[in-house]
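Visitor: My structure is below; once you've seen it, I'll send some questions.
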Amino acid sequence: AKKKKHTKKAPHAGDNRLRMPTDKTVRFTTALLAYYVARASCMSISISRRGLLRATGAVMAASSPHASRIAEPEVGGPRSQTLVGYSSRSIRLSTGTLVPVALWYPADQDTAAALQATAAFASKPYRYRISVSKIFQMLLGIKPPFDIAREIELGSAHPDEVIAVAEGEMRKSQADLPAVVFCHGFLGSRFDFHHVCESLAAQGFVVAAPELPESLSASFTPDEGTSRSAIVEKTVSLLQDDFSVGKALGIMGHSAGGGTATSAPGDFQLGRVAVAGFRSYEGPDPLLVIASEGDSLMSLSRIRSSLPPQTVVFENESGARRYSSSSRPLPRSSALFLANENGIDLLAADGEKSPANSPCHISFLSAATNDAMVKFLSPLLPLARILGVPLLDFDVYALTRDSERTAEYVSPVLGKFFINNAKNLL
């Protein structure tokens, strides 16, 4: 008789609280984590071997509790551009904290010529770090007394079109450009959606992506003045100062950033986009919500029940393509829901990929971002399972590797949304 094939089911979305491991588990795995991570390649560890052993003991005592090519947004935005300027900026909050901001903007012919004279096309323009210590702290509530991190360099999704420009060399583009703020999620980075940000900039938008307090980069220490709302507000001020952005302002976010996008105070007349994360919104700004049945963190039914009553829902990949190619006025409030159309479970028990997979929680991020995380963090998955901490669908993506496929039909939807709303404001 054949064995009955069991399938792995995603955790129930209503039980998303972080489960704290037992004292004994934390003591054992903390020591194991320090040893395991210290042996990983290409990391920066500012601690000696003897210091590592001492630090491990201290933590034990304290722990009692491809560059990928994607589909462009539909041509016909506010301006059709070829070259995109990229600059790494920073904003200073009221407490004096400096927060990194990634900035993409369209380069007209004159600006592009000047940029090309002072900056080369960078093969890997996006530089940040992945801090295992920050991940450990955020998921376990334990702050290791040492820093374990890796410096990451990501390639552009459009390497022939993006010019990396030093901050002092950045030239302001024309005034009154439409702008979008991108908000990353829990343990995300400002480069999570760089493929979408580049595409929007090529269509005439300025896009700013600040680092937020829960970033895995840990480039600043969060305090009472580094809330998400404070960082978004200061980022908007940067856009207004450097690009004279007026009412043509939008905001989008992934995961917790989706909640930030729908709850941020102020007017975002270009619209609010929530991808794989959503808080109820009843305001006047245009709204687009994107969610997937393959996401084990955000329940599709939960999001559906929270949508404004007038929301028009588009289903699956066919609905995405219908949305992005529509010549009719788009609904003011719309949603794109992605489901496993043949009802096949997310992953088989033997770990094989299912061709019917809908995107998981992090499938919406750029392939380059996800590939960097998989390469660096995959060795830690066994430890994470021992600890019983949430994997945020990282284990699922390590098998499916579907960021490029997801971007093929999701990215044009995002472009269509902002382009449509920008035209309505002209």
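Visitor: Given a Förster radius of 41 Å and the C-beta distance between N424 and D223 as r, what FRET efficiency does 1/(1 + (r/R0)^6) yield to the nearest 0.05? The partial results should precede the final answer.
Guide: Numbers: r = 40 Å, r/R0 = 0.96.
For N424 and D223, the calculated efficiency is 0.55.
Visitor: Using a Förster distance of 60 angstrom, determine the FRET efficiency expected from the C-beta separation of D176 and L383, and round it to 0.05.
Guide: E(calc), rounded to 0.05, equals 0.75.
Visitor: How many Å² of accessible area per residue for region 274-338, probe 1.4 Å? The partial results should precede the final answer.
Guide: Values: 2910 Å² over 65 residues.
Roughly 45 Å² per residue, with all protein chains present.
Visitor: So if I take the centroid of the Cα atoms in region 231-303 and the same for region 358-426, what is the distance between those two points in Å?
Guide: Rounded to whole Å, the Cα centres lie 17 Å apart.
Visitor: Using the basic label-point model (7 angstrom from Cα toward the beta carbon), what is the S325 to K124 distance in nanometres?
Guide: Label at S325, label at K124, 3.8 nm between them.
Visitor: While we're on this one: Can you compute the modelled spin-label distance between R401 and L98, with each label point 7 Å from Cα toward Cβ, in nm?
Guide: My value for the distance between the label points is 3.8 nm.
Visitor: Tell me the GluC sites (Glu not before Pro) within region 223-286 that lie in a loop according to DSSP and have at most 10 other beta-carbon atoms within 10 Å.
Guide: Values: sites: E224, E233, E282; in loops: E224, E282.
Passing both the DSSP loop test and the Cβ count: E224, E282.
Visitor: Output the pairs from K134/K247; K124/K416; K143/K247; K247/K375; K234/K423; K134/K423 with a Cα-Cα distance over 32 Å in this structure; if there are none, say none.
Guide: Numbers: K134/K247 37 Å; K124/K416 28 Å; K143/K247 42 Å; K247/K375 41 Å; K234/K423 26 Å; K134/K423 42 Å.
Violating the 32 Å Cα-Cα cut-off are K134/K247; K143/K247; K247/K375; K134/K423.
Visitor: If you take every residue apart from P286 with its C-beta less than 14 Å away from the C-beta of P286, what net charge results, scoring Lys and Arg +1 and Asp and Glu -1?
Guide: For residues surrounding P286, the net value is +2.
Visitor: Could you compute the net charge surrounding L154? Neighbours are other residues with a C-beta less than 13 Å from the C-beta of L154; K and R count +1, D and E count -1. Before the final figure, lay out the partial values.
Guide: Working: positive: K124, R127, R129, R150, R190, K375; negative: E151, E153, D192, E198, D371.
Result for the neighbourhood of L154: +1.
Visitor: Can you send over the carbon and sulfur percentage of the accessible area for region 183-334, probe radius 1.4 Å, protein chains only? Please report the intermediate quantities before stating the final value.
Guide: Values: 2480 of 5150 Å².
On region 183-334, the fraction of accessible area on carbon and sulfur atoms equals 48 percent.
The values are calculated or read from the model by the stated rules, or taken from the named source; none is laboratory data. Since this is a predicted model, take the numbers as computed values, not measurements. Every residue, glycine as well, gets a Cβ built from its backbone with ideal geometry; the counts of neighbours run over all protein chains shown. Accessible surface areas use protein heavy atoms only, side chains included; no ligands, DNA or RNA. Shrake-Rupley method; radii C 1.70, N 1.55, O 1.52, S 1.80 Å.
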